[in-house]
Amino acid sequence: MSATAPPAGTRQPGQPGQPAKSDERLLRASPLRKLMGRPELGSVVGAVAVFLFFSVIADSFLQASSFSTVLYAASTLGIMAVPVALLMIGGEFDLSAGVMVTSSALISSMFSYQMTANVWVGVLVSLLVTLAFGAFNGFMLTRTKLPSFIVTLGTFLMLTGLNLGFTKLISGTVSTKSISDMQGFESAKKLFASQLTLGDVTLKVTILWWFGLVAVATWILLRTRFGNWIFAVGGGAEAARAVGVPVNKTKIGLYMGVAFAAWVSGQHLLFSFDVVQSGEGVGNELTYIIAAVIGGCLITGGYGSAIGSAVGAFIFGMTSKGIVYAEWNPDWFKFFLGAMLLLATLLNAWVRKRAEASK
């Protein structure tokens, strides 16, 4: 059988002079396009605007001592905002995160005091119990298929009641007993609540915890298989399951990550003030979510970054302290926080649309 010759003037692939067929996978995105595609771009722009605003309005805002206070306020929020951001990228919420911080501190304090044990025993017991809280949230979510809003709202109410009920039952009051004279207190305080003073600048250890968690979370998201699973689960759980992603294990792991950060924050709370009020933490879970959303995380999941959550926490710190330095009425803080949330969400949506349009 004779082969049919190709029409004149045409070339077959692989023949000399044939132009190579372009492959979109080999196209290199420009630095500007990569920048426009970053989820934290909107929050960085907002952070610069807030910084410049308070630099002009408040004379003491640019002082080194003031900046260290801003960093401390941002770090106490940012420690929790990082795992909450990862959880939101995975498509879920945790409304129990705020009271879980208090639960962690209460467990450490009461176990150490009642058992007359070394403070470190209470700290380790608190870690195990707090991680169990996170695993419970993840297990209930994956087994019942209920929305995370319902599951974690139930956990929020249960922990709120347990915090108050057990504290009153054991201590007779709504606060724990002092453990400052117990063995191991000073060494635990160095890890969770120490500070370094350099001239007029006082740096709290929570800033190091915060930076460390941001670095680890960023590495997980961008350099590990688990990070790919987080984005896949948040983008579509059923589609992710169809390609072999362990959806249930991923979500349970994310909830345990929130629990670990709650343990760190709880120990800082305990060793900073020695005693813990059982009613603390209520409402903080919304602040963590706000910081993550301002940092570029989508409510629908599948998009965001750990760095963005850090920027969102930094904006929170600048606003909360900037209002004080400007000598404004602090009652306006919630208004500014809500306005920043709306503006950041709109800006993030615009950035994402531009990024998708440029692909």
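Compared with the dominant Cα axis of the chain, that is its longest principal axis, helix 41-57 is turned about 50°.
Each peptide in 309-321, 153-165 receives the mean, over its residues, of other Cβ atoms within 10 Å, and ordering these scores from highest gives 309-321, 153-165.
Take the Cβ atoms of Val121 and Ala49, set R0 to 35 Å, and the FRET efficiency comes out at 0.15.
Given Cβ point charges of +1 (Lys, Arg) and -1 (Asp, Glu) and nothing else, what value in debye, to the nearest 20, does the dipole of the range 204-359 about its Cα centre take? Can you show the working numbers first?
On the way: 12 positive and 7 negative charges, 152 e Å.
So the dipole magnitude of the range 204-359 works out to roughly 740 debye.
Helix 205-223 and the long axis of the chain differ in direction by around 30°, with both axes built from C-alpha atoms. In the chain, helical runs assigned H by DSSP with n ≥ 4 each contribute -39500 (n - 2.57); averaged across all residues and rounded to the nearest 500, the mean residue ellipticity at 222 nm is -23000 deg cm²/dmol. Measuring only protein heavy atoms, the 1.4 Å probe finds Asp200 accessible over about 130 Å². Convex hull volume of the Cα atoms of the range 252-343, normalised per residue: 134 Å³.
With no solvent and one point per C-alpha, what does the Debye sum give as log10 I(q)/I(0) for the chain at q = 0.11, 0.12, 0.13 Å⁻¹? Those come out to -0.79, -0.92, -1.06, one per q. Please name which of Cys297, Ser278, Tyr325 has its Cα lying farthest along the dipole of the range 263-359 towards the positive end, using unit charges on Cβ (Lys, Arg +1; Asp, Glu -1) and the Cα centre as origin. Ranked along the dipole, the leading option is Cys297. Remark: the chain carries a charge dipole of roughly 1420 debye about the Cα centre, counting +1 on each Lys and Arg Cβ and -1 on each Asp and Glu Cβ. When Trp332, Trp120 are compared by accessible area of protein heavy atoms, the largest-first order is Trp332, Trp120, using a 1.4 Å probe. Checking the Cα-Cα distances for Lys190/Lys321; Lys177/Lys249; Lys177/Lys204 against a 29 Å cut-off, the pairs over it are Lys177/Lys249.
Structure remark: mean-square fluctuation, Gaussian network model of the chain, C-alpha springs under 10 Å; the largest value among Lys189, Lys251, Lys334 belongs to Lys334. Segment Lys190..Leu203, full-extension length gain: 3.4 nm, with 0.36 nm per residue of separation and the alpha-carbon distance subtracted. Which of the three applies to the range 128-248, rounded, prolate or oblate, going by the alpha-carbon gyration tensor with a ≥ b ≥ c and a/c under 1.5 meaning rounded? Oblate is the answer for the range 128-248, as a/c is 1.5 or above yet b/c matches or exceeds a/b.
The values are calculated or read from the model by the stated rules, or taken from the named source; none is laboratory data. As the structure is a prediction and not an experimental result, all values here were calculated from the model. Every residue, glycine as well, gets a Cβ built from its backbone with ideal geometry; the counts of neighbours run over all protein chains shown. When the accessible area is computed, the model is the full protein with side chains, heavy atoms only, and any ligands, DNA or RNA have been set aside. Shrake-Rupley method; radii C 1.70, N 1.55, O 1.52, S 1.80 Å.
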